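The values are calculated or read from the model by the stated rules, or taken from the named source; none is laboratory data. In this text the structure is predicted, and so the values were computed from the model without any measurement. No Cβ is skipped: glycine too gets one built from the backbone with ideal geometry, and neighbour counts run over all protein chains shown.
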Amino acid sequence: MSAVDIEAFVHELARVSGEAILPFFRSSIGVENKAHAGAFDPVTEADRAGEAAMRRMIKATFPAHGIVGEEHGSENPEAEHVWVLDPIDGTRAFIAGIPVWGTLIGLASKGTPAFGMMHQPFTRETFWGDRARARYRGLGGERALHVRACPDLAAATIMTTSPKMFREEEKPRFDRVEAACRTYRYGADCYAYCMLAAGHVDLVVEAGLKPYDILALVPIIEGAGGIVTTWDGGAPGAGGRILAAGDRRVHAEAMAILNG
């Protein structure tokens, strides 16, 4: 299957999932809590409907492919080609009516992120990439995505979804990186990584991510010229502690602080 075929198929997955999800946005949707022991990990019918729609299409088109999804678990995860799905990355934003959420659709080949898309049906924006290139489509048309140059942390804008995502031993390390940066923003989930790929921010530092939180974003960031690894420089596809930067100088400086 060619890259063009994959791209067209993923755009169709995005369209179908968006049609399933969007009627629930800014509605009186019910919210369930998936977490235990007093924590809060929300899930909605929109999450489940969006993922179910994508799974049906994948199974019908690529029955030998595996699927790993946030809401409906794993099927054939040892397959050569595995789809990694997060129907709503940013459910807290979704239930608050704030449009900084998106559908993440990733394809791993032999365990390596090969293609990824972030689709936001409400704003009608789509970001996608295949590690070699990255593109954006929105109300202003379509264009290539490129990260921006940034010489050091002192000139950088850093983003993270929330400082509360870090464990006790991780928070001081993040704080040191944040303190070295020019400015910061919180609360964007997958949008932070797409803004990095689009050249609007310079650094994203997070922890505790699952594969479906990050795998789809890796080909977009790399296709735009950026770098994304774990805090210790490892492959990011499995999630965990994630460090993404538009400029390798900023990545190296942040990684030194995180591991210092």
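For this structure, a couple of remarks:
- Restricting attention to the stretch 143-181, the residues that are out of contact with any strand residue (DSSP E or B) (no Cβ under 9 Å at 6 or more places or on another chain), of a type in the set (D, E) and in a loop (DSSP other than H, G, I, E, B) add up to 3.
- Inclusion of D232 among residues that are surrounded by fewer than 16 Cβ atoms within 10 Å (Cβ to Cβ), out of contact with any His (no Cβ under 7 Å at 6 or more places or on another chain) and in a loop (DSSP other than H, G, I, E, B) is warranted.
- Against the criterion of being over 17 Å from F94 (Cβ atoms), of a type outside the set (A, V, I, L, M, F, W, C), in contact with a helix residue (DSSP H, G or I) (Cβ under 8 Å, 6 or more places away or on another chain) and at pLDDT 95 or above, E12 qualifies.
- For the stretch 100-121, the criterion of being of a type outside the set (S, T, Y), at pLDDT 95 or above, surrounded by fewer than 23 Cβ atoms within 10 Å (Cβ to Cβ) and in contact with a Lys or Arg (Cβ under 6 Å, 6 or more places away or on another chain) is satisfied by no residue at all.
- Residue selected from the stretch 59-99 under the condition surrounded by fewer than 21 Cβ atoms within 10 Å (Cβ to Cβ) and either in contact with a His (Cβ under 6 Å, 6 or more places away or on another chain) or of a type in the set (S, T, Y) (or both), by the criterion farthest from G111 (Cα to Cα): T61
- Residue among R131, R143 that alone is over 19 Å from V100 (Cβ atoms), surrounded by fewer than 22 Cβ atoms within 10 Å (Cβ to Cβ) and within 16 Å of the chain's Cα centre (by Cα): R131
- Any hit, the stretch 199-211, residues being surrounded by fewer than 24 Cβ atoms within 10 Å (Cβ to Cβ), out of contact with any Pro (no Cβ under 7 Å at 6 or more places or on another chain) and either free of Cβ contacts under 8 Å to residues at least 24 places away in the same chain or part of a helix (DSSP H, G or I) (or both): yes
- Considering residues of the stretch 47-97 that are part of a helix (DSSP H, G or I) and polar (S, T, N, Q) only, the residue nearest to G18 (Cα to Cα): T91
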